[in-house]
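Below: one structure, written as structure tokens.
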There are 2 protein chains.
Amino acid sequence: MNDDKLYAMRHSLAHILASALQQLYPEVKFGVGPVIENGFYYDVYIKNKNLSEKDFPAIEKKMHEIIKENQQFIKYTKTINEAMDWAHQNDQVFKLELLEILKKYGTTSYKDIKVTKEATTGVQEVSFYKNGDFIDLCKGPHLSSTGKVKEFKLVKISGAYWRGDAKNKQLQRIYGVAFETKEELLNYLKSQEEAKNNDHRRLGRELDLFTFSNLVGSGLPLFTPRGTIIREELLNYSAQLRLEKGFQKVFIPHITRDELYKVSGHLDKFGDELFLVRSQETKDRLVLKPMNCPHHSQIYASRQRSYRDLPIRYLETTTVYRDEKSGELGGLNRVRSITQDDSHIFCTEDQIEYEINQIFLMIKELYEQFDIPLKVRLSLKNDQKKYLGTDEVWRRAQEELEKVININKMNYFVAEGEATFYGPKIDFIGVDSLDREHQVATIQLDFIQPIRFGLEYDNIDGSKRNPIMIHSALLGSVERFMSIYIEHVGGKFPVWVAPEQIRFLMLNQSKEVQKYVKNIETQVAKLGLRAEIDDENSSISKKIRNAELMKIPYIVVIGNDEVKTNKLLPRIRKDLILNISQNNKSISLEDFLKHVKNEHINRSKQSTI
Amino acid sequence: MNDDKLYAMRHSLAHILASALQQLYPEVKFGVGPVIENGFYYDVYIKNKNLSEKDFPAIEKKMHEIIKENQQFIKYTKTINEAMDWAHQNDQVFKLELLEILKKYGTTSYKDIKVTKEATTGVQEVSFYKNGDFIDLCKGPHLSSTGKVKEFKLVKISGAYWRGDAKNKQLQRIYGVAFETKEELLNYLKSQEEAKNNDHRRLGRELDLFTFSNLVGSGLPLFTPRGTIIREELLNYSAQLRLEKGFQKVFIPHITRDELYKVSGHLDKFGDELFLVRSQETKDRLVLKPMNCPHHSQIYASRQRSYRDLPIRYLETTTVYRDEKSGELGGLNRVRSITQDDSHIFCTEDQIEYEINQIFLMIKELYEQFDIPLKVRLSLKNDQKKYLGTDEVWRRAQEELEKVININKMNYFVAEGEATFYGPKIDFIGVDSLDREHQVATIQLDFIQPIRFGLEYDNIDGSKRNPIMIHSALLGSVERFMSIYIEHVGGKFPVWVAPEQIRFLMLNQSKEVQKYVKNIETQVAKLGLRAEIDDENSSISKKIRNAELMKIPYIVVIGNDEVKTNKLLPRIRKDLILNISQNNKSISLEDFLKHVKNEHINRSKQSTI
């Protein structure tokens, strides 16, 4: 089944779902029922009836009956006025509204309406699809008949505002998934189950990584000691890659006069997402920074610069703030206080290619370390949005970016309209172990801000020139990266990231064992390893279970035998084992700790024991 | 001359200054003229005349005449009404206002008026002092006659609002300094000159450590790469001391719902100093955090805690925000975005003494490292302000703090009214190389917030108990500490703090020298040292001068001789030399770098070459 067929099948299933609902609840009013990734949904409204997942078996049964009847999908057209009559007669109020908008604007997308206003002509004719007694306003395509659909399952129900607007009536959205084969369907359902178990919010709680407080507010995570270790390891790694390449750390305040963003052009762009800060002592109009580039430009501007000083590469792990509706917040993937591993390079035109390529290589290295494959997106401007700068400047910037992608022999795809307002960029899409895609790193070229801020350098010929700015981030938002990474590894962190690398379990409280454990503590502290001692008065099997639940890389039981022989039998977390002989390998305490230390320093992905 | 005598002399000089002004400018209206550290001032208003430092010689001349005349200081009293008549007749409007307030409130301090309201009885009688033709409302004391005063100098003039209120008229404040001997006066003036040269704002600019931007706003410093290195070295040192003692890093957002501070009790306390944050997307009432303890309490509260888990020690280098009137801002000593090396310990009552003592020892170690002697202040509550908690709780807390000070055999002084609203504290006052005192570290005991936040732990007997909180900071505000430290060392940082530890100066551009310098760069990078190469096309003497201006610990010239013999002659910054034989000592590149590396690791105060 090719993609078009799969699309048509999922679309047909949306109609079959709607047919079933019409038979079960004749009062039902239909919103829209599109195809989505892996399946479809339909938005519906039934007066005095709140559907729940308990209703799914009955609905699915009815859908299977309709499939068995092998009803033909018949397409026909009506004029827009005939169609409105049909909607009116059938009391399909939502369809009627869509038709009215279509008639007026020629589109039903709020976004498109905003752009086109009444410039385009309205629609004159619309198409319908009919199967059995069910008729729907629909562009198609569909399968030829209901009997052609393969495997499907209803999976979820949720609230959805009509046309995505919280001011409108709330409908119910019924989600289904559909695949060609039973196997694909089961695989998909299994991976969903796994995703649920790997949900970073759940793991964050179970592994004690972060927390939220109602007193502090939504979208504002607090990182516990364990979560803070992960943050720091990730951020130190990202910083280290750049420090080795001549980047320098800087430090800026999180608030600023809004004037800074008037000059940069961000104020228009970020509008509602800005947190406004009110000084009670002065008349300053302050904001929480949504971006760091303007601040960094002010450090550049603090001294006279010469071509000999360039490139200047600033690096800073700092927080930006973007306001979000509370409803959008949950876990670490969408927060209001966002820590970025941000960098800004100020360079000459001649240096652009080298600098971008350096960052490109760092990004590749970093995501290889995390075993996250990357897709490359070249994000360009489109004709609809507002951008700063001339076409010539944009064309040059785009060429530079394409050149570096090609040097690195990477495939890429183009996304028009995804550029920043100051220039085109390369975005990196990480694909996680559950095959989900996440936008992660970015490299952005900017010929505009240096001019707006009047940044200059003295060129070799004595003339004044504007430097070029290159914005980049490797992890992007560390909170978002953590949400991805925690789920990607299912909480099973490699030694260098693991908040607790080793847990020693005391088999008993004998003097010998106690003394040995004291020695362990000294050695562990000297090496700077992250190890804990479990000296609770409980069974060893319970201790092992507890340590396993915390997904600790190494678990080591210390009893009289271990003390006598100084031979330990570390239990290595399964995913860290490459070679079966690593199981039950005995090793002295000193060697064991040395191995773990080296794994930490080298950021090893596997156990070296 | 004892302190009382010195006080009387400075006070008498204020009157002599006023006498001189009255003779020179008969129109002059007098505000107040108190004694201050090292001298005195008088606030005056002269219609249509703006005094400047150019007028000082004439004023000083007149003062010397008055001193020569050896006028008696004669004290007498008037009833408050007589005094008001006097002020009225002499058109001394400010004195009249003071007398009116005195009559009503019995005090002229805004603060005291607020507290006492009209509860106390007004003053019935006031004292005056007369010398020559000059009469002043004054409590005394004074010397017996003007001839008794010793050495003085007028030093500064500045604007000052009447009674410190920006809504009032602006007067001119003339500052003078006075000492018993010429030598003391000259020493003081010299140290002032030195302070000017060591001014951290000046050094910050010259050594390229930080900058301000009008677009970003006042009180919001931006740290350049060099300044950021100093920040990080200081903060890493402070964190390291605590990590070694079982503290754990955490990370919290900088904004919060104001509800958090309602519960903690900070909202009342900080009032005007709070930056209010407005969300445009939600109805959340947010603020920028002025304190970290409530956030940390929420991390504690995120899990059930047992007595076995205590003490829990959180450590975080993070920023708090305190709004300030723009006029108060300047340099790093008073900023609106304050980075604290903050810690909070949650412990049982039995653990208090051990925990406080641990912090005490760390503070002593840290300030010894910086060669900053400490004075210890025990800050207690007084009867005027509002505090949380019972007297019994406060008594216990005070005892704990005194016990630890005594264990450490430190002298201390008591300051009533300097406690926080939640408990007493030990404050540490650092004395810098110019003998100025600065409040730096702090240890605060808190029995209150854990109760307000409902923090608990399961005690050994199964009961629920509230932990005790201990707040502490070693550096305090790192911005403020930097302002102190930069001036304390006059920008001459030890190797471990210095942004640039070594500068290599190329004597020529020969192939040999270039190759040798390449090797230097590789070795320096491997060791993680902070070194720069000066390869400019200028004279070696100019290069040396430039490097000396940057106060770099080691300056090394690389010419053909050095390349041939691999013997370097490092120029060591004078203050780092202990032994004269360190001058002109030749050393191989490898040994030299090893020495510097070790000095960095060991935080050596002196050169080990």
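The values are calculated or read from the model by the stated rules, or taken from the named source; none is laboratory data. It should be emphasised that the depicted structure is a prediction, and the values quoted were computed from it without experimental measurement. Methodologically, a virtual Cβ is constructed for each residue, glycine included, from the backbone with ideal geometry; neighbour enumeration extends over all protein chains shown. With ligands, DNA and RNA removed, areas are computed over all heavy atoms of the protein, side chains included. Shrake-Rupley method; radii C 1.70, N 1.55, O 1.52, S 1.80 Å.
Residue-level analysis places A:Asp435 outside the set of residues that are among the acidic types (Asp, Glu), assigned by TED's automatic domain parsing to the domain that holds A:Thr317, surrounded by 17 or more Cβ atoms within 10 Å (Cβ to Cβ) and within 21 Å of A:Pro373 (Cα to Cα).
What about B:Ile363, is it assigned by TED's automatic domain parsing to the domain that holds B:Lys245 and farther than 18 Å from B:Met469 by Cα? Considered against the rule, which asks whether it is assigned by TED's automatic domain parsing to the domain that holds B:Lys245 and farther than 18 Å from B:Met469 by Cα, B:Ile363 comes out as yes. Would you say B:Met9 is modelled with pLDDT of 95 or more, in contact with a Lys or Arg (Cβ under 9 Å, 6 or more places away or on another chain) and in the same structural domain as B:Leu99 (by TED's automatic domain parsing)? The answer is yes for B:Met9.
Which residue, of A:Arg303, A:Arg278, is surrounded by fewer than 21 Cβ atoms within 10 Å (Cβ to Cβ), within 30 Å of B:Thr522 (Cβ to Cβ) and at the interface with chain B (Cβ under 8 Å from one of its Cβ atoms)?
Details: A:Arg278 fails: within 30 Å of B:Thr522 (Cβ to Cβ).
Result: A:Arg303 is the single residue among A:Arg303, A:Arg278 that is surrounded by fewer than 21 Cβ atoms within 10 Å (Cβ to Cβ), within 30 Å of B:Thr522 (Cβ to Cβ) and at the interface with chain B (Cβ under 8 Å from one of its Cβ atoms).
Note on the stretch B:239-266: residues that are more than 7 Å from chain A (Cβ to nearest Cβ), closer than 27 Å to B:Gln358 by Cα and touching a residue at least 40 places away in the same chain (Cβ under 8 Å) amount to 8. In this structure, A:Ile345 does not satisfy being assigned by TED's automatic domain parsing to the domain that holds A:Ala441, assigned to a loop (DSSP other than H, G, I, E, B), modelled with pLDDT of 95 or more and out of contact with any Leu (no Cβ under 8 Å at 6 or more places or on another chain). All conditions in (1) closer than 30 Å to A:Val263 by Cα; (2) more than 9 Å from chain A (Cβ to nearest Cβ); (3) buried (at least 22 other Cβ atoms within 10 Å of the Cβ) hold for B:Pro290, with the sole exception of (3). Checked against (1) more than 19 Å from the chain's Cα centre (by Cα); (2) crowded, with 21+ Cβ neighbours inside 10 Å, A:Glu487 meets all criteria but (1). Considered as a group, the residues in the stretch A:229-238 that are of a type outside the set (A, V, I, L, M, F, W, C) and open to solvent by 40 Å² or more (accessible area, probe 1.4 Å) include one that is farthest from the other protein chains (Cβ to nearest Cβ), and that residue is A:Asn236. Looking at B:Thr318, is it in a strand (DSSP E or B) and of a type outside the set (D, E, K, R)? The answer is yes for B:Thr318. For A:Phe251, the stated conditions hold: it is outside the structural domain of A:Ile46 (by TED's automatic domain parsing), within 30 Å of A:Gly528 (Cβ to Cβ) and of a type in the set (Phe, Trp, Tyr).
Do we have any residue at all in the stretch B:512-527 that's on the phi < 0 side of the Ramachandran plot, within 14 Å of chain A (Cβ to nearest Cβ) and buried (at least 18 other Cβ atoms within 10 Å of the Cβ)? Spell out how you get there, then give the answer.
Within the stretch B:512-527, the first condition is being on the phi < 0 side of the Ramachandran plot, and the residues that meet it are B:512-527.
This time we only want the ones that are within 14 Å of chain A (Cβ to nearest Cβ), so: B:521-522, B:524-527.
When the remaining residues are screened for being buried (at least 18 other Cβ atoms within 10 Å of the Cβ), the result is B:524.
Yes, the stretch B:512-527 contains a residue that is on the phi < 0 side of the Ramachandran plot, within 14 Å of chain A (Cβ to nearest Cβ) and buried (at least 18 other Cβ atoms within 10 Å of the Cβ).
Restricting the search to helices (runs of 4 or more DSSP H) fully inside the stretch B:1-112 and requiring at least 2 residues that are within 32 Å of the chain's Cα centre (by Cα) and closer than 27 Å to B:Ser145 by Cβ gives B:3-24.
For (1) modelled with pLDDT under 95; (2) open to solvent by 10 Å² or more (accessible area, probe 1.4 Å); (3) in contact with a helix residue (DSSP H, G or I) (Cβ under 8 Å, 6 or more places away or on another chain), each residue gets a yes or a no:
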{"residue": "A:Gln240", "(1), (2), (3)": "no, yes, no"}
{"residue": "A:Gly246", "(1), (2), (3)": "yes, yes, no"}
{"residue": "A:Pro253", "(1), (2), (3)": "no, no, yes"}
{"residue": "A:Asp258", "(1), (2), (3)": "yes, yes, yes"}
{"residue": "A:Tyr261", "(1), (2), (3)": "yes, no, yes"}
{"residue": "A:Gly265", "(1), (2), (3)": "yes, yes, yes"}
{"residue": "A:Asp268", "(1), (2), (3)": "yes, yes, no"}
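Condition check ((1) open to solvent by less than 10 Å² (accessible area, probe 1.4 Å); (2) out of contact with any Lys or Arg (no Cβ under 7 Å at 6 or more places or on another chain)) across all residues:
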site	(1), (2)
B:Ile174	yes, yes
B:Glu193	no, yes
B:Lys196	no, yes
B:Arg202	no, yes
B:Glu206	no, yes
B:Thr211	no, yes
B:Gly217	yes, no
B:Leu222	yes, yes
B:Gly227	yes, yes
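All of (1) crowded, with 18+ Cβ neighbours inside 10 Å; (2) within 13 Å of chain B (Cβ to nearest Cβ); (3) farther than 27 Å from A:Glu416 by Cα hold for A:Arg308 with one exception: (1). Flag not set for A:Phe179, criterion: without any contact (Cβ under 8 Å) to a residue 12 or more places away in the chain, among the aromatic types (Phe, Trp, Tyr) and either within 11 Å of chain B (Cβ to nearest Cβ) or touching a Phe, Trp or Tyr at 6+ places or on another chain (Cβ under 9 Å) (or both).
Yes/no matrix, rows are residues, columns are (1) outside the structural domain of A:Val335 (by TED's automatic domain parsing); (2) over 30 Å from A:Gly430 (Cα atoms); (3) hydrophobic (A, V, I, L, M, F, W, C):
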site	(1), (2), (3)
A:Tyr485	no, no, no
A:Pro494	yes, no, no
A:Val497	yes, no, yes
A:Met506	yes, yes, yes
A:Lys511	yes, yes, no
A:Lys515	yes, yes, no
A:Lys518	yes, yes, no
A:Thr522	yes, yes, no
A:Leu527	yes, yes, yes
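Scanning the stretch B:319-337 for residues that are more than 10 Å from every other protein chain (Cβ to nearest Cβ) and either open to solvent by less than 30 Å² (accessible area, probe 1.4 Å) or at pLDDT 95 or above (or both) turns up B:Val320, B:Gly330, B:Gly331, B:Leu332.
From the residues in the stretch A:407-451 that are of a type in the set (Ser, Thr, Tyr) and in contact with a Lys or Arg (Cβ under 9 Å, 6 or more places away or on another chain), which one is farthest from A:Leu234 (Cα to Cα)? First the steps, then the outcome.
First pass over the stretch A:407-451, keeping only residues of a type in the set (Ser, Thr, Tyr): A:412, A:420, A:422, A:433, A:442.
Subset that is in contact with a Lys or Arg (Cβ under 9 Å, 6 or more places away or on another chain): A:412, A:420, A:422, A:442.
Values: A:Tyr412: 26, A:Thr420: 26, A:Tyr422: 29, A:Thr442: 17 Å.
This residue is A:Tyr422.
No other residue among B:Ile470, B:Ile451 is open to solvent by less than 40 Å² (accessible area, probe 1.4 Å), within 39 Å of the chain's Cα centre (by Cα) and not charged (D, E, K, R) apart from B:Ile470.
For every residue, the table says whether it meets (1) buried (at least 17 other Cβ atoms within 10 Å of the Cβ); (2) touching a residue at least 40 places away in the same chain (Cβ under 8 Å).
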| position | (1), (2) |
| --- | --- |
| A:Asn2 | no, no |
| A:Leu13 | yes, yes |
| A:Pro26 | no, no |
| A:Pro34 | no, no |
| A:Asp43 | yes, yes |
| A:Lys54 | no, no |
| A:Glu60 | no, yes |
| A:Ala83 | yes, yes |
| A:Gln92 | yes, yes |
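Of the residues that make up the stretch A:269-284, is at least one within 23 Å of A:Phe447 (Cβ to Cβ) and in contact with a Ser or Thr (Cβ under 6 Å, 6 or more places away or on another chain)? No, the stretch A:269-284 has no match at all.
Scoring B:Gly417 on the criteria (1) small (Gly, Ala, Ser); (2) over 21 Å from B:Ile359 (Cα atoms); (3) touching a residue at least 60 places away in the same chain (Cβ under 8 Å) leaves a single failure, condition (3).
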